[in-house]
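Taking it in order: structure first as structure tokens, then the write-up.
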Amino acid sequence: MSALGAAGLGLTAWGARRAAERALRPVAAAEAEMADICEATDATRRVSVPPTDDVPARLAARVNGVLDRLERSARQRRTFLTDASHELRTPLTGLRTRIELALAAPGDADLPETLEGALHDVERLHRIVDDLLALARLDAGEEPALEPIDIGALVDAEIAVRTPPVPLNAKVETGIMVEGNPIRLGRLLVNLLANAERHAAGSIEVEVRTDGPEAVVEVCDDGPGIPPAERDRIFDRFTRLDSARSRVDGGSGLGLAVARVIALSHGGSLYAADTGRDDEHATGARFVLRLPLLRR
Ligand SMILES: Nc1ncnc2c1ncn2[C@@H]1O[C@H](COP(=O)(O)OP(=O)(O)OP(=O)(O)O)[C@@H](O)[C@H]1O
Ligand SMILES: [Mg+2]
């Protein structure tokens with residue numbers, strides 16, 4: 001190769017390297033910013049997005065999207081931990097106060113009453129811990145054993161073991177098959193039935209039917225109902241619309257959150273709907289569970 005040719009090749013290679021370096025400059029800058037962000041305690045920091053319409057700009061925007069998600073999930077985890085600790089503290093404080101009072105004046109204490117109160121607190125703690133564990137397992141995507149289930153028969157079985165405080169009318173079609181885990185679906189149904197029992201004024205209606213490719217379970221009551229604006233929020237963890245009353249009744253606001261995650265893990269849905277009554281004083285809650293029918 002002539003000296004001139006070699007010099008030409010060298011020049012081309014140098015030019016290509018310079019062009020690549022120039023093109024990668026925004027990426028290198030973003031990397032340096034990312035290194036800073038990883039060290040920083042401020043979770044709201046983001047990388048700068050170059051004002052260009054190219055790959056580095058899109059990459060930076062995506063990195064910021066991921067950082068947004070991480071920040072949101074860290075915030076949710078913190079809120080969840082705070083709420084969970086708060087919920088656990090209420091019955092624990094009750095338990096401690098009862099024991100301290102009984103110990104301070106052993107002669108005065110009515111032992112059966114103290115123990116009954118303590119048992120109530122322990123049961124509440126137990127329920128909260130059970131729900132928290134169920135949520136942790138569901139969040140982790142733990143897959144339980146699935147089997148063909150006659151959803152109508154499962155609903156009948158759950159109703160049979162309850163003693164509702166008001167009449168319960170069941171319109172249940174049997175033979176509707178879904179694929180699911182009977183323990184988890186049972187828990188979902190219990191949560192809906194317990195809510196209806198807690199809120200009903202005079203009656204509860206339960207219906208099981210098919211609708212196209214889905215099995216539908218409806219649990220309705222004639223209590224105060226749920227205002228449309230609150231119908232999504234009630235499925236959030238630890239949400240209670242009437243916290244004073246729920247606290248007395250022992251609700252912790254986890255039942256519907258658990259129920260919805262179970263429905264989703266079965267490929268279904270759970271939501272609060274209109275009661276379908278059109279008189280202006282219509283009240284009452286209507287919860288609808290939809291599950292895909294088992295394909296034979
Ligand atoms: N059938 C219903 N009628 C009216 N309000 C309801 C009904 N079901 C649920 N809610 C409202 O939604 C809130 C959340 O319900 P959820 O089942 O998650 O919690 P909870 O019943 O308060 O406690 P937990 O189920 O953990 O014992 C309730 O506190 C209540 O305010
Ligand atoms: Mg509940």
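What share of the DSSP beta bridges in the chain is antiparallel, in percent to the nearest 5?
85 percent
What do you get for GluC sites (Glu not before Pro) in the stretch 169-219 restricted to DSSP loop and a cutoff of at most 15 other Cβ within 10 Å of the site's Cβ?
Those that pass, being in a loop and sparsely packed, are E173.
Among L138, S48, P213, whose Cα projects farthest towards the positive end of the dipole of the chain, with charges put on the beta-carbon of Lys, Arg (+1) and Asp, Glu (-1)?
Of the options given, the answer is S48.
Quote to one decimal, in nm, the extra length available between N64 and L101 on full extension: 0.36 nm per residue of separation minus the C-alpha distance between them.
My answer for the length gained is 7.8 nm.
Where only protein heavy atoms count, and the probe is 1.4 Å, what is the accessible area per residue for the chain in Å²?
Accessible surface, normalised per residue, equals 61 Å².
Would you please put 39-45, 109-115, 59-65 in order of how densely packed they are, using the mean number of other Cβ atoms within 10 angstrom per residue and starting with the highest?
Per-residue Cβ counts within 10 Å, averaged per peptide and sorted highest first, yield 59-65, 109-115, 39-45.
Could you work out Rg/(2.2 N^0.38 Å) for the stretch 77-175, with Rg from alpha carbons only?
1.60
Which FRET efficiency value, to the nearest 0.05, is calculated for A160 and E230 with the Förster distance at 30 angstrom and r the Cβ-Cβ distance?
0.45
Over the chain, with a Gaussian network built from C-alpha contacts below 10 Å, which listed residue (L189, L81, L254) shows the highest mean-square fluctuation?
Result: L81 has the largest fluctuation of those listed.
Efficiency by 1/(1 + (r/R0)^6): what FRET value for T52 and L9, r their Cβ-Cβ distance, R0 = 41 Å, to the nearest 0.05?
The pair T52/L9 has a calculated efficiency of 0.85.
First obtain the Kirkwood hydrodynamic radius of the stretch 148-296 from its Cα pairs, then insert it into the Stokes-Einstein equation at 37 °C and 0.692 mPa s, and state the resulting D in µm² per second as a whole number.
It comes out at roughly 211 µm²/s.
So how strong a dipole does the chain carry about its Cα centre when Lys and Arg Cβ are +1 and Asp and Glu Cβ are -1, to the nearest 20 debye?
The dipole of the chain has a size of about 1460 debye.
Whole number please: convex hull volume per residue, Cα atoms of the stretch 86-139, in Å³.
54 Å³
What number, rounded to the nearest 500 deg cm²/dmol, is the helix-based mean residue ellipticity at 222 nm of the chain, given -39500 (n - 2.57) per DSSP H run of at least four residues and division by all its residues?
-19000 deg cm²/dmol
Whole angstrom only: what separates the Cα centroid of the stretch 180-259 from the Cα centroid of the stretch 67-88?
Going from one Cα centre to the other spans 24 Å.
Along the principal axes of its C-alpha atoms, what lengths does the chain span, in descending order and rounded to whole Å?
Extents along the principal axes, in whole Å: 104, 62, 43.
What shape does the stretch 117-188 take by its C-alpha gyration tensor, where a ≥ b ≥ c are the square roots of the eigenvalues and a/c under 1.5 counts as rounded, a/b above b/c as prolate, and the rest as oblate?
oblate
With a 1.4 Å probe and all protein chains left in place, how much of the accessible area of the stretch 147-292 comes from carbon and sulfur atoms, in whole percent?
Accessible surface attributable to carbon and sulfur in the stretch 147-292 totals 50 percent.
Applying 1/(1 + (r/R0)^6) with R0 = 41 Å to the Cβ-Cβ distance of E179 and E113, what FRET efficiency is obtained, to the nearest 0.05?
0.25
Cα atoms only, the stretch 3-71: Rg and Dmax in Å?
In Å, with Rg to one decimal and Dmax whole: 17.3, 59.
The values are calculated or read from the model by the stated rules, or taken from the named source; none is laboratory data. Here the structure is a predicted model, which is why all the values come from computation and not from measurement. Virtual Cβ from ideal backbone geometry, glycine too; neighbours counted across all protein chains shown. Please note that ligands, DNA and RNA were not included when accessible areas were found on the heavy atoms of the full protein model with its side chains. Shrake-Rupley method; radii C 1.70, N 1.55, O 1.52, S 1.80 Å.
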